[in-house]
1. Select from region 49-103 the residues that are part of a strand (DSSP E or B) and in contact with a Leu (Cβ under 7 Å, 6 or more places away or on another chain) and list them in ascending order.
2. Condition test on ALA3, is it in a helix (DSSP H, G or I), modelled with pLDDT under 95 and open to solvent by 50 Å² or more (accessible area, probe 1.4 Å)?
3. Output the number of residues of region 85-100 satisfying the condition of being within 19 Å of GLY131 (Cβ to Cβ) and either in contact (Cβ under 8 Å) with a residue 24 or more places away in the chain or open to solvent by 10 Å² or more (accessible area, probe 1.4 Å) (or both).
4. Take the residues in region 6-58 that are surrounded by 14 or more Cβ atoms within 10 Å (Cβ to Cβ) and of a type in the set (Ser, Thr, Tyr), then tell me which one is nearest to THR108 (Cα to Cα).
5. Can you tell me which residue within region 127-168, out of those that are among the charged types (D, E, K, R) and either assigned to a strand (DSSP E or B) or open to solvent by less than 80 Å² (accessible area, probe 1.4 Å) (or both), is nearest to MET103 (Cα to Cα)?
6. Just checking, does region 136-148 include any residue being within 16 Å of the chain's Cα centre (by Cα) and in contact (Cβ under 8 Å) with a residue 12 or more places away in the chain?
7. Output yes when any residue across region 101-123 is under 30 Å from LYS2 (Cβ atoms), in contact with a strand residue (DSSP E or B) (Cβ under 7 Å, 6 or more places away or on another chain), open to solvent by 30 Å² or more (accessible area, probe 1.4 Å) and of a type in the set (A, V, I, L, M), and no when none is.
8. Tell me which residues, restricted to region 25-48, are touching a residue at least 40 places away in the same chain (Cβ under 8 Å) and assigned to a helix (DSSP H, G or I).
Amino acid sequence: LKASLGVFQRNKAADYRPKMIELYGNHDARLETFENNTPEAHGTFTLERDQAFLQHGWHTRAYGELYYCQGVAYAHHPTNGSGRAFGGETGPQRAANKTTVAMVSGHTHRAQRFDAAKIGPLETVSMVEVGCAMPWGNLEHYVGAAPAGWFWGLCPMTVADGLIVDLEFK
């Protein structure tokens with residue numbers, strides 16, 4: 001983590017000062033779970049992780065928290081009525097049907113966009129899955145022989161007034 005944050009910091013232009021937000025995901029939450037279950041480890045790993053992001057100018061958001069920018073919600077994944085990730089093959093599509101705001105997430109590790117028609121000021125709400133941030137072609141062991149369909153590229157987008165108006169998977 002520290003090495004990748006350092007490389008990012010070194011390779012950006014001196015005048016490039018975006019607001020950098022890290023949305024913790026389910027794998028990050030495992031640190032909190034471990035520390036909560038192991039009192040002698042309390043704060044050991046999460047403090048180091050949080051300080052690494054802070055030292056490189058990142059703001060962090062807790063796992064499950066929604067972050068809004070230009071009216072679009074960002075989260076590791078959208079949650080269903082029981083507070084769990086919309087899962088399965090049609091999870092992002094079902095999330096698009098439920099949400100009332102455009103949303104961007106990455107939990108499925110796939111590049112996907114689902115648009116759901118709505119009645120009201122926003123005629124369509126988009127649910128976008130942007131892929132994963134692991135090394136190109138890396139598949140985790142739990143995928144096994146199943147088709148992953150993972151995406152490791154970039155997903156530049158333009159958001160305005162609660163809409164995703166331009167989106168590209170590169």
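1. Step one: of region 49-103, the residues part of a strand (DSSP E or B) are 58-61, 67-69, 72-74, 79, 85, 103.
Across region 49-103, the qualifying residues are ARG61, TYR67, ALA73, TYR74.
2. Values: in a helix (DSSP H, G or I): yes; modelled with pLDDT under 95: yes; open to solvent by 50 Å² or more (accessible area, probe 1.4 Å): yes.
Against the criterion (in a helix (DSSP H, G or I), modelled with pLDDT under 95 and open to solvent by 50 Å² or more (accessible area, probe 1.4 Å)), ALA3 qualifies.
3. Going residue by residue through region 85-100, those that are within 19 Å of GLY131 (Cβ to Cβ) are 85-93, 95-96.
Next, from what is left, pick out any that are either in contact (Cβ under 8 Å) with a residue 24 or more places away in the chain or open to solvent by 10 Å² or more (accessible area, probe 1.4 Å) (or both): 85-90, 92-93, 95-96.
Looking only at that region, the number is 10.
4. TYR24
5. Here is the first cut: in region 127-168, the residues among the charged types (D, E, K, R) are 129, 140, 161, 166, 168.
Checking the rest, the ones that are also either assigned to a strand (DSSP E or B) or open to solvent by less than 80 Å² (accessible area, probe 1.4 Å) (or both) come to 129, 140, 166.
Values: GLU129: 9, GLU140: 25, ASP166: 14 Å.
Selected residue: GLU129.
6. Initial filter on region 136-148 (within 16 Å of the chain's Cα centre (by Cα)): none.
The answer is no, given that none of the residues of region 136-148 is within 16 Å of the chain's Cα centre (by Cα) and in contact (Cβ under 8 Å) with a residue 12 or more places away in the chain.
7. Scanning region 101-123, I find at least one residue that is under 30 Å from LYS2 (Cβ atoms), in contact with a strand residue (DSSP E or B) (Cβ under 7 Å, 6 or more places away or on another chain), open to solvent by 30 Å² or more (accessible area, probe 1.4 Å) and of a type in the set (A, V, I, L, M), so the answer is yes.
8. Going residue by residue through region 25-48, those that are touching a residue at least 40 places away in the same chain (Cβ under 8 Å) are 25-26.
Hit for region 25-48 is ASN26, nothing else.
The values are calculated or read from the model by the stated rules, or taken from the named source; none is laboratory data. Everything numeric here is computed off the predicted structure, so don't read it as measured data. Note that we place each Cβ from the backbone using ideal geometry, even for glycine, and neighbour counts take in every protein chain shown. Calculation scope for accessible area: heavy atoms of the full protein, side chains included, ligands and nucleic acids excluded. Shrake-Rupley method; radii C 1.70, N 1.55, O 1.52, S 1.80 Å.
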